[in-house]
Amino acid sequence: ISAAMDTESTYSGYSHYSGHSKKAHRQGRDRHKSPRSKDGSRSEKSVTIQTPPAEPLLGNDASRAEEGQDDNWGETTTAITGTSEHSISQEDIARISKDLEDSVGLDCRRYLGLTVAAVLGLLVFLTPIAFILLPQILWRDDLEPCGTVCEGLFISVAFKLLILLIGTWALFFRQPKADIPRVFVFRALLLVLIFLFVFSYWLFYGVRILDSKDTNYQGIVQYAVSLVDALLFIHYLAIVLLELRQLQPMFTVKVVRSTDGESRYYSLGHLSIQRAALVVLENYYKDFSVYNPALLTASKSRAAKHMAGLKVYNVDGPGNNASGQSRAMIAAAARRRDSSHNELYYEEADHERRVKKRRARLVVAVEEAFTHIKRLQAEEQQKAPGEMMDPREAAQAIFPSMARALQKYLRTTRQQQYHSMESILQHLSFCITNNMTPKAFLERYLNPGPTLQYDRDRWFSKQWTLVSEEAVTSGLQDGIVFVLKCLDFSLVVNVKKIPFIKLSEEFIDPKSHKFVLRLQSETSV
C-alpha cells in the first residue's frame, strides 16, 4: 500500500511539473510573439529603419527551450570535445617541404624567363637607335650629309618604334594568370627567332658598316628602317601564333569532377595540353558549383550504418579464422541490399521535406526583416525624426531577426562552412545599398552558386597537378585524356574532335508553292 501511495504521489508530481512546463512554454511563446505584433501595428510614416527586438545569434534560455521543442533539434546540437583540430604527421612535413621546394623552383624559373624576355626586348628596341647613332659618334666628319629623305626616315623610325613598343606592351607585358609546368613553345620560338634575327643584323652591321666605316649615312638609316619593319612583321606573326590561331574551335572537351560526377562541355581551338588545362580551370571556377564534401558523406554513413547493424556470432568456438566472419557479413549485407533502396527513398524524402520547411521559414523571416527598411528620399531626409543608418548599420540591425532561420537552413543543406557571419553581413549590406529585394538576397543561399561566388580562402586550391600520358607541350588530339588533380578531388578531361560537317544546298522554285482546294460533298467547307 505504501508503495502504491508513493507511486501515486510521483505521478501527481510529474503531472504538476509537466503542466507547469507547458504553461511556461506557452508564456514564453506569447512573449516572443508580442513584439512582432507591436512591430506590425507600428506605422512607418517616417521612412526610417525600424528594427525588431534583437535576438542573439545563439539565442537565450527561452529561445533554447523553444528550439528544444523542434522536431529536428538534434541537427543544431554541437558537441565540444578536447581533440585538437590541427595535427601534423611526418608525411605532412615531407609533403610541405616538397611543395616549398617546387614553389621556389617555379618562382626562379618564372623570374628567369621574365628576365630573359626583358633583356631581349630592351636589346631589340635599342638596336635601331644604335645603328643610327654609332656612325655619328665614331666617324662623324667622314659621313655624307643627310638630305631631306634621310631626315624623313628619322620620323618613320620613331613612329614605327612607338607602334612596336605599344604592340609589345599589349601582347607580352601582361600579368601571368598561372604557372605552367613547361615553357610555352610558340613564345619560346618567337624569342629564339628574334634573337637570331637581331644577331644576324648586328653581324652584318659590324662587318659591312663598322669595319669599313661606310660614309653613306642615308643607306645606314635605311638599314635601320628595314630592321624596324622586319620587327613589325615578327610582331604580326606573334599575334597570329599566340592569339588568332586558337580562336577557331576545333575540339570539344568534357570535364567531369571525380567526386560527384558534375560535368561541363567546352569548345577549344589549337592549344597545347597545358594551355587547355588552364582554360579548363578558368571555366571550372565560374561554371561548376562549389565543391561540398559534406554532401558526399551521406552514402558513406549509410553504408557504414548497414555494416554496423550486422553482428556475427561464432558458435563453433574461437578456433575459426576471421575469413568466415567476413564472408558471413558480406552475405548478410547482400541479403539486406534488396531493402536498402526503401531506406534511401525515405531518407531523401525526409531530407527534402526538412529542406522545404526550413526554406519557407527562411523566406518568411527575410521578407519580414526587409519590411523594416525603406530608403530615404532626398526631401524626406530633412524631416525624418528617427535615427538614420548607413547600410552596414542597417544590416547589423535586421540580421538577428533572420539569423536563426538562415543558420538552420545552411546546416540542413550543409552549406554552413562556406558562409561566415561577416560574409553574410557584407552581402546583406550590399543588397541594402543597391535597393535589392529579399529574393535577390536569398539567391546566394537557396541556389548553390559557382566557386568564385564564395570566399577565396574556402575554395581556392593553391596548386593543381596535371597528369597526362602525352607531353604537356603537345597539341590537343582526338581521344586524349588528361587529369587535373588537387587535394580533395580531380577533374577528368576527355578531348573529342569536332567532326567535319558537310552542307548541301537545295533550290526551291517559288512558283512551286501553289495549291488546289479539293471540295467533297461530305466536307464542311
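The values are calculated or read from the model by the stated rules, or taken from the named source; none is laboratory data. All figures in this text were calculated on a predicted structure; none of them were measured in a lab. Cβ sites come from the backbone with ideal geometry, for glycine too, and all protein chains shown count toward neighbours. Ligands, DNA and RNA are excluded from the accessible area calculation, which covers all protein heavy atoms including side chains. Shrake-Rupley method; radii C 1.70, N 1.55, O 1.52, S 1.80 Å.
So the values come out like this:
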item: Extension reserve of the Glu469-Tyr285 stretch, reckoned as 0.36 nm per residue once the Cα distance is removed; result: 63.7 nm
item: Of the chymotrypsin sites (Phe, Trp or Tyr not before Pro) in region 466-525, those whose Cβ has at most 14 other Cβ within 10 Å and which sit in DSSP loop; result: Phe500, Phe507, Phe515
item: Accessible area in the full protein assembly, largest first, 1.4 Å probe, for Lys408, Lys485, Lys502, Lys356; result: Lys502, Lys356, Lys485, Lys408
item: Probe 1.4 Å, protein heavy atoms only - accessible area per residue of region 111-264 in square angstrom; result: 62 Å²
item: Listed residues Val495, Val467, Val516, Val149 arranged by accessible area, highest first, probe 1.4 Å; result: Val516, Val149, Val467, Val495
item: Heavy-atom accessible area ranking, 1.4 Å probe, most first, across Thr371, Thr259; result: Thr371, Thr259
item: Ile501 - accessible surface, heavy atoms, 1.4 Å probe, Å² rounded to 10; result: 120 Å²
item: Whether region 99-246 is rounded, prolate or oblate, judged on the alpha carbon gyration tensor where a/c under 1.5 counts as rounded; result: prolate
item: Charge tally in the Cβ shell below 13 Å around Leu153, where Lys, Arg are +1 and Asp, Glu are -1, Leu153 excluded; result: -1
item: Stretch gain in nm, segment Arg518-Phe184, where the contour uses 0.36 nm per residue and the Cα spacing is subtracted; result: 113.0 nm
item: Across Lys286/Lys496; Lys177/Lys496; Lys177/Lys497; Lys286/Lys485; Lys177/Lys254, pairs whose alpha-carbon gap is larger than 20 Å; result: Lys286/Lys496; Lys177/Lys496; Lys177/Lys497; Lys177/Lys254
item: Mean Cα-pair separation over length for region 99-246, i.e. relative contact order, pairs under 8 Å, 6 or more apart, %; result: 45 percent
item: Shape call, region 152-204: gyration tensor on alpha carbons, a/c limit 1.5; result: oblate
